Amino acid sequence: VSPANVQRERKITDLKRGQPHLLVVTPDQVLRASLSLYMEDSSLPLPTPEEMLICNQNTTSEEVNLLWQRAVSDPDSKRIFCLVHAEKLSYHTADKALRSLTEQIQNKGEFSLVIICSSQDEEKSPIISKLHLYRRPYGLSTDPTKYKEYLEKHFVNEAQPSLLEMGMGNVHNLSASVVDHKGSRVRVISSTRAGMGKTLYVTRMKEKLQAVIPRHNSLVTIPVHGPIVTVDSIIECLVQNEDSCGYCSILHFDISPSVLWQMDTVLFSLLINRGLCDSQGRVWRNHPSQLYAIEVTISEAHENMPVPEHLVQKVLEILPTVTSVKPKDALSLMSLAEADSTKIVMDQKTFYSETFQRVYQYLRRHVANSNLDSFAFDHSSIEGTPHDCLQILLRFCGVKDPSWAEIRHFVTFLGLQLQSCERSYFTNPEFVGDVMDGFKSFVVRFMIQMSRDVFSTSSLKGEVAQENEEPDDQEHDVLQQYEIVERKQWEHSSHPYLFFNRDG
């Protein structure tokens with residue numbers, strides 16, 4: 001954003017122009033404090049790398065001096081310039097930068113310059129000690145909703161065509177953010193466990209975009225893992241995929257839980273400041289047509305653990321987020337009259353898929369005690385609702401509180417068994433109905449129990465009874481005589497299976 005693009009003056013409440021201001025806040029509030037300086041007038045654009053410099057141990061005095069120069073020579077003094085995490089500067093860099101600042105602000109009129117430091121080990125910081133005369137108190141909002149609403153407004157591209165308009169050939173101001181349910185060009189997809197369908201959600205966004213722009217490489221996945229994540233490593237990944245990270249593309253960052261605490265500064269620079277610069281001088285700038293999808297897993301155990309302030313992830317809290325909930329929680333949400341757009345429940349395309357429909361239709365008839373001998377799955381038939389389907393799958397999958405991945409594994413395994421059953425001559429009533437009446441029904445019940453057994457048997461003592469709590473089904477009376485109902489720990493029990501040979 002050039003000075004010409006800032007048509008109105010940015011205002012700083014309770015801070016005077018014409019002198020530097022030092023703000024010292026807790027480590028987890030540094031980045032929020034820097035953003036709050038620009039939120040006085042929400043109609044003005046987000047801060048840019050020209051207005052804000054986020055320091056690290058490799059920041060040079062030349063970079064800091066450039067910020068000083070832009071601040072004191074800003075036309076009409078409309079912009080706010082901010083040096084963030086100044087306490088991370090080395091002693092030599094800080095000393096040189098402060099001497100330069102003293103020279104540059106002499107005889108200068110109006111300018112807006114704020115220096116923000118962390119209060120952690122502040123007695124050791126040369127910046128804080130030498131600028132103590134300029135230290136000011138600063139009232140900072142701790143409510144993440146305020147920051148989230150501000151960012152959601154700025155992450156939406158104006159004059160963006162809808163998916164329908166794009167399908168009709170209107171590609172003016174085309175942006176990948178059109179596939180987001182709120183049109184945001186930044187979307188965090190989070191869950192408290194692995195296997196909750198976050199990657200599937202990103203895949204569905206890709207499919208929507210490809211439906212509008214066929215033969216377009218619209219998704220680039222960048223895995224982010226440890227042990228150390230730096231701006232240099234992120235830019236290296238982006239540069240390696242530069243040919244694919246072009247116009248109207250989705251950049252999917254799959255962040256490992258082990259490195260989440262290192263990502264605040266990177267995400268702030270990349271998504272809010274819309275630019276990164278590494279130690280080699282390479283610069284990455286966001287394009288308004290790109291959509292940044294950030295996949296994260298924040299476990300419930302970690303949420304409840306006491307975490308040092310400098311390791312708390314505060315940027316993720318203020319970014320537009322959808323949460324993939326557990327199937328049991330999804331079942332409750334799907335019962336509500338009005339859907340919650342911030343929650344990811346059962347995927348519609350998955351519900352309509354042949355694999356899920358086959359298993360669901362068999363289980364549905366099994367619950368109703370229907371005669372399964374005469375039933376054959378019709379590939380073109382769609383029955384029931386996602387709510388009813390999920391309710392039945394939760395009842396039979398055998399895991400007390402499954403993830404979506406565990407549901408999918410159960411359905412896939414049982415579905416393959418049912419396909420084999422449908423192809424076998426021995427379960428075809430037209431061939432064996434006169435001598436083996438009810439045989440297919442027994443086989444299907446056996447396979448349901450077998451599939452349940454595969455995914456419910458736990459090796460953890462104390463959890464077996466709870467996770468494998470049996471529903472009160474009539475099939476137990478039929479199967480009890482074959483001694484296949486009672487299940488114990490996997491390695492301490494026998495597991496009956498039924499196989500279909502290729503010859504039928």
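The values are calculated or read from the model by the stated rules, or taken from the named source; none is laboratory data. Being a predicted model, the structure only gives us computed values, none of them experimental. Cβ sites come from the backbone with ideal geometry, for glycine too, and all protein chains shown count toward neighbours. Remember, those area values only see protein heavy atoms, side chains included, never the ligands or the DNA or RNA. Shrake-Rupley method; radii C 1.70, N 1.55, O 1.52, S 1.80 Å.
Points to keep in mind about this one:
- Of all the numbered requirements in (1) open to solvent by less than 70 Å² (accessible area, probe 1.4 Å); (2) within 30 Å of residue 422 (Cβ to Cβ); (3) modelled with pLDDT of 90 or more; (4) touching an Asp or Glu at 6+ places or on another chain (Cβ under 9 Å), residue 384 misses one, and that requirement is (4).
- Where residue 299 falls short, out of the listed (1) at pLDDT below 90; (2) buried (at least 21 other Cβ atoms within 10 Å of the Cβ); (3) within 15 Å of the chain's Cα centre (by Cα): (2)
- Some residue of the range 118-126 being of a type in the set (Gly, Ala, Ser), in contact with a helix residue (DSSP H, G or I) (Cβ under 8 Å, 6 or more places away or on another chain) and within 27 Å of residue 154 (Cβ to Cβ): yes
- Contact annotation: residue pairs with Cβ atoms under 6 Å, 6 or more positions apart or on different chains, pairing a residue in the range 9-38 that is in contact (Cβ under 8 Å) with a residue 12 or more places away in the chain and closer than 21 Å to residue 263 by Cβ with a partner that is of a type in the set (Phe, Trp, Tyr) and buried (at least 20 other Cβ atoms within 10 Å of the Cβ), are 31/268.
- Sole exception among (1) open to solvent by 40 Å² or more (accessible area, probe 1.4 Å); (2) modelled with pLDDT of 65 or more; (3) more than 35 Å from the chain's Cα centre (by Cα) for residue 432, by number: (1)
- Candidate set from the range 363-381 (those that are open to solvent by less than 40 Å² (accessible area, probe 1.4 Å) and at pLDDT below 95); member that is farthest from residue 448 (Cα to Cα): 381
- Pairs linking a residue in the range 131-159 that is free of Cβ contacts under 8 Å to residues at least 40 places away in the same chain to a residue that is open to solvent by 50 Å² or more (accessible area, probe 1.4 Å) and of a type in the set (Lys, Arg), with Cβ atoms under 9 Å and 6 or more positions apart or on different chains, are 156/182.
- Taken together, 279, 244 contain a single residue that is farther than 27 Å from residue 150 by Cα, assigned to a loop (DSSP other than H, G, I, E, B) and touching a residue at least 40 places away in the same chain (Cβ under 8 Å), which is 279.
- Odd one out for residue 420 among (1) under 28 Å from the mean Cα position of the chain (by Cα); (2) more than 19 Å from residue 351 (Cβ to Cβ); (3) outside any loop (DSSP other than H, G, I, E, B): (1)
- Within the range 218-237, being part of a loop (DSSP other than H, G, I, E, B), open to solvent by 40 Å² or more (accessible area, probe 1.4 Å) and over 18 Å from residue 275 (Cα atoms) holds for 225, 227, 228.
- Residue in the range 187-199 that is out of contact with any strand residue (DSSP E or B) (no Cβ under 9 Å at 6 or more places or on another chain) and part of a loop (DSSP other than H, G, I, E, B) present: yes
- The condition (being open to solvent by 10 Å² or more (accessible area, probe 1.4 Å) and either more than 22 Å from residue 285 (Cα to Cα) or touching a Pro at 6+ places or on another chain (Cβ under 7 Å) (or both)) is satisfied by just one residue among 45, 27, 49, 20: 27.
- Cβ pairs under 6 Å, 6+ apart, first in the range 412-440 and in contact (Cβ under 8 Å) with a residue 12 or more places away in the chain and closer than 24 Å to residue 454 by Cβ, second in a helix (DSSP H, G or I) and acidic (Asp, Glu): 440/373
- Residue ranges of strands (runs of 3 or more DSSP E) in the range 1-100 with at least 2 members over 22 Å from residue 315 (Cα atoms): 19-25
- Within the range 384-400, residues that are in contact (Cβ under 8 Å) with a residue 12 or more places away in the chain and farther than 18 Å from residue 412 by Cβ sit with their Cβ atoms under 8 Å from residues that are small (Gly, Ala, Ser) and open to solvent by 10 Å² or more (accessible area, probe 1.4 Å), at 6+ positions apart or across chains, in these pairs: 387/335.
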